[in-house]
Amino acid sequence: MLVDRHPGVSIHGKARGINQRTMEIYRAYGIADAVERAGAPFEAESGVAHCETLAGEWQWLFDADVPRAWPDVTAGAFCMADQNTVEPILIDAARSAGAEHLFDTELVSFDADAGGVIATLENRTTGERQRVSAEYLIAADGNRSPIRQKLGIARTGERTFQHTVNIVFRADLSAFLPRRALFWIIANPAGFHGGLVSTADPRRWQASIAYDPAEESTEDFTDERCARLVRAAVGEDIDVEIEGVAAWEQAVGVAERYRDGRVFLVGDSAHVWPPAGALGANTGVQDAHNLAWKLAAVVKGEAGDALLDTYDAERRPVAEALAPAIVAHQEARMSGRPEPAALDDRAQALGARYGAGEALGALAQEVRVGARAPHLWLGDVAVHDLCVDGFVLLCDSPEWTDAASAAGVRAHRAEEAEGWAERYGSGAALIRPDGYVAWCSSGPASATELTGAVARALGPVRSPV
Ligand SMILES: Cc1cc2nc3c(=O)[nH]c(=O)nc-3n(C[C@H](O)[C@H](O)[C@H](O)COP(=O)(O)OP(=O)(O)OC[C@H]3O[C@@H](n4cnc5c(N)ncnc54)[C@H](O)[C@@H]3O)c2cc1C
């Protein structure tokens, strides 16, 4: 059951850059095509422009023609689609998989103990309340996360870079757009210092500016003031219709723990990033993907509670490793310096590693326990397309497929796939439902060894909460 206190999807686009790893996950769940269609309006956008007004001269801060697809390492191609167009796709997919999704419904309180969770939900229109009993609670409740706060979980490395107001408006800006940028940074003496971003609707735009919450609030951004700001950004007296104003924080911070008994923090509740790097929603989706198969295994009785501890052990170090690199990027962006190369795109999207050693590293293409399974094409299907429901054994002999069948594991022969020998050597590799390598063997096929490897990956079935 998913509840959201908002009456519907926000008009504020928020996350737009969906990285290769997130798209790899969306492919496995059959929604990548729909997400790509939602991103079609942004296909022609590239580069970041700087100008005094949109109607004036532009300088290109960067205009790199960065490839969106890395076909040698993943079948997932970078996509730009706003969170408010992707959320309905995710909600539909969750509903088709049996989830109940309720808008306009607020979690007003909860009690969690070793026996379970009791949540009180309130319909915000009718005021009607219901008590729901659940085995687990996932706090996907954003940067301010009331659930995290109630649990008293602090954040490390907390810092606010800027408080920002987003103004969503309708206007015809086509006369001022010889080309479409990813975003425009606009600063002028008429009083606009901020950014301008398109939306999927060609007549709807978003302007963002810094504000000081100690001095003012979103109420001070009246329609008249917002229209004045938009006209200052454009540099012409155009018709503007203001649709909405929302405040957000450009901040960084990582929760000290991602688990408290039966409660798990995911997304911005667990870690918040400033915009540089476009990683907020991406890291969030990847957290949820790590947690979901573990919860499923525990709820189905295939694994014990100890498996759920690995969510914090695996995902929090990744966030802690990302934080300093994102901070360096954000500082460079805010000071106008070139952004550092330290945050390699491939490492940040695909280089998370679990278990011993560094949590984020250069992308390696050789199979390694604890790392994402190296990409291969098995005909029309990519390895990660298979990682959606249960463990998968990639192998290169009929003996291994027989062993897998005896162990009750899905197996795929991969020796014909280009890159098998270089990336996987020979033998078998056991891949977890989230696409990470659990175990590999270059020895003789053995159902007993494979059964043992699955059992170790799931942990003891009986372990206390
Ligand atoms: C302008 C902007 C641009 C961005 N661009 C990118 C990008 O390009 N790529 C990227 O990866 N990230 C980007 N981000 C970051 C991204 O938007 C966030 O990381 C992402 O929205 C976090 O998702 P979330 O579900 O964790 O939290 P949110 O999207 O904040 O959702 C939290 C939800 O919890 C609900 N909620 C809170 N409390 C309760 C309660 N008590 N009961 C019921 N519901 C509750 C809220 O209604 C809300 O719907 C951007 C953010 C902004 C603001």
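Out of the range 100-151, which residues are away from the ligand (no atom under 13 Å from the Cβ), open to solvent by less than 60 Å² (accessible area, probe 1.4 Å), under 21 Å from LEU308 (Cα atoms) and small (Gly, Ala, Ser)?
ALA112, GLY116, ALA134
Checking the structure you have, find out if any residue of the range 327-337 is assigned to a loop (DSSP other than H, G, I, E, B) and closer than 25 Å to ALA276 by Cα.
So far as the range 327-337 goes, yes, one or more of its residues are assigned to a loop (DSSP other than H, G, I, E, B) and closer than 25 Å to ALA276 by Cα.
Would you call LEU291 modelled with pLDDT of 95 or more, surrounded by fewer than 23 Cβ atoms within 10 Å (Cβ to Cβ) and not aromatic (Phe, Trp, Tyr)?
no
On the given criteria, is ALA97 among the hydrophobic types (A, V, I, L, M, F, W, C), in contact (Cβ under 8 Å) with a residue 24 or more places away in the chain and either farther than 30 Å from VAL299 by Cβ or not assigned by TED's automatic domain parsing to the domain that holds ARG203 (or both)?
For ALA97, the condition - among the hydrophobic types (A, V, I, L, M, F, W, C), in contact (Cβ under 8 Å) with a residue 24 or more places away in the chain and either farther than 30 Å from VAL299 by Cβ or not assigned by TED's automatic domain parsing to the domain that holds ARG203 (or both) - is not met.
Just to check your reading of the model, which residue among VAL35, VAL86 is assigned to a helix (DSSP H, G or I), within 11 Å of the ligand (Cβ to nearest atom), open to solvent by less than 50 Å² (accessible area, probe 1.4 Å) and not assigned by TED's automatic domain parsing to the domain that holds THR199?
VAL86
Among the listed residues ALA321, ALA306, ALA278, which satisfies the condition of being open to solvent by 20 Å² or more (accessible area, probe 1.4 Å), within 13 Å of the ligand (Cβ to nearest atom) and small (Gly, Ala, Ser)?
Just a single option satisfies the conditions, and that option is ALA278.
Just to be sure before I move on: is THR164 in a strand (DSSP E or B), within 14 Å of the ligand (Cβ to nearest atom) and surrounded by 14 or more Cβ atoms within 10 Å (Cβ to Cβ) in the structure I sent?
In short, yes.
Just checking: which of the helices (runs of 4 or more DSSP H) contained wholly in the range 349-465 hold 1 or more residues that are under 31 Å from the mean Cα position of the chain (by Cα)?
420-424, 447-458
Across the range 1-32, what is the total count of residues that are charged (D, E, K, R), within 13 Å of the ligand (Cβ to nearest atom) and open to solvent by less than 20 Å² (accessible area, probe 1.4 Å)?
Going through the range 1-32 one residue at a time, the tally reaches 1.
The values are calculated or read from the model by the stated rules, or taken from the named source; none is laboratory data. Bear in mind the structure is a predicted one, so any value in this text is a computation, not a measurement. Every residue, glycine as well, gets a Cβ built from its backbone with ideal geometry; the counts of neighbours run over all protein chains shown. Note: areas computed on protein heavy atoms with side chains; ligands, DNA, RNA excluded. Shrake-Rupley method; radii C 1.70, N 1.55, O 1.52, S 1.80 Å.
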